[in-house]
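Trainee: One structure, pasted below without further comment.
The values are calculated or read from the model by the stated rules, or taken from the named source; none is laboratory data. Since the model is a prediction, treat every value here as computed from it, not as a measurement. Cβ placement follows ideal geometry from the backbone for every residue including glycine, while neighbour counts extend to all protein chains displayed.
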Amino acid sequence: MPEESNKNNDGRLILFVCTGNTCRSPMAEAIARMLIGRSGDDVQVASCGVFAGGGSPATPEAVNAVAALGGDLSGHRSQPISQGLIDSATSIWCMTAGHAQRVISLDPTVRDRVEVLDPVGADIDDPIGGPQALYDQVASRIEAIISTRLAETLA
């Protein structure tokens with residue numbers, strides 16, 4: 001999806017950020033899309049990685065974990081963070097404090113839009129290379145956090 005099409009008419013875009021954009025942030029994007037679709041809210045979501053290459057699929061374990069929750073990650077292709085994505089995002093939810101700092105270092109003017117996904121500030125651990133059970137656990141945690149955050153954000 002071209003960057004300029006990520007922004008909807010209301011200008012509301014939640015951008016999820018991780019490292020490689022093949023596990024955590026794509027799972028968050030797909031889960032958020034699923035939850036937003038159920039609620040009928042008009043919010044777009046996207047994901048990227050601070051050190052991502054472009055065009056890689058989500059890991060098979062991430063695809064399976066999201067599918068088990070009712071979402072679809074099968075068509076995902078990784079994308080690196082870009083100024084266009086940063087500029088389009090009304091909220092930037094990062095998987096770790098390190099990711100948040102990286103986004104702010106790229107553009108200090110977005111500091112007020114950048115947050116760690118978990119509201120208590122705990123990092124979402126990277127499941128890369130782990131077993132399916134670890135991906136399932138991370139996806140469930142992401143779903144619970146996003147469900148709460150969306151209820152607060154979209155209320």
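This table checks each residue for (1) within 17 Å of residue 15 (Cα to Cα); (2) exposed (fewer than 14 other Cβ atoms within 10 Å of the Cβ); (3) touching a His at 6+ places or on another chain (Cβ under 6 Å); (4) without any contact (Cβ under 8 Å) to a residue 40 or more places away in the chain.
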{"position": "111", "(1), (2), (3), (4)": "yes, yes, no, yes"}
{"position": "114", "(1), (2), (3), (4)": "yes, no, no, yes"}
{"position": "119", "(1), (2), (3), (4)": "yes, yes, no, yes"}
{"position": "131", "(1), (2), (3), (4)": "no, yes, no, no"}
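Trainee: Of the residues 79, 137, 132, which single one is modelled with pLDDT of 95 or more, polar (S, T, N, Q) and in contact with an Asp or Glu (Cβ under 7 Å, 6 or more places away or on another chain)?
Mentor: 132
Trainee: Please go through the range 93-127 and give me each residue that is over 14 Å from the mean Cα position of the chain (by Cα), outside any helix (DSSP H, G or I) and of a type in the set (A, V, I, L, M), ordered by number.
Mentor: Residues satisfying the conditions are 120, 122.
Trainee: Okay, moving on. Is it true that residue 72 is among the acidic types (Asp, Glu) and under 14 Å from the mean Cα position of the chain (by Cα)?
Mentor: Taking the combined requirement at face value, the residue satisfies it.
Trainee: So, in the range 50-64, exactly how many residues are in a loop (DSSP other than H, G, I, E, B) and among the aliphatic types (A, V, I, L, M)?
Mentor: Qualifying residue count, the range 50-64: 3.
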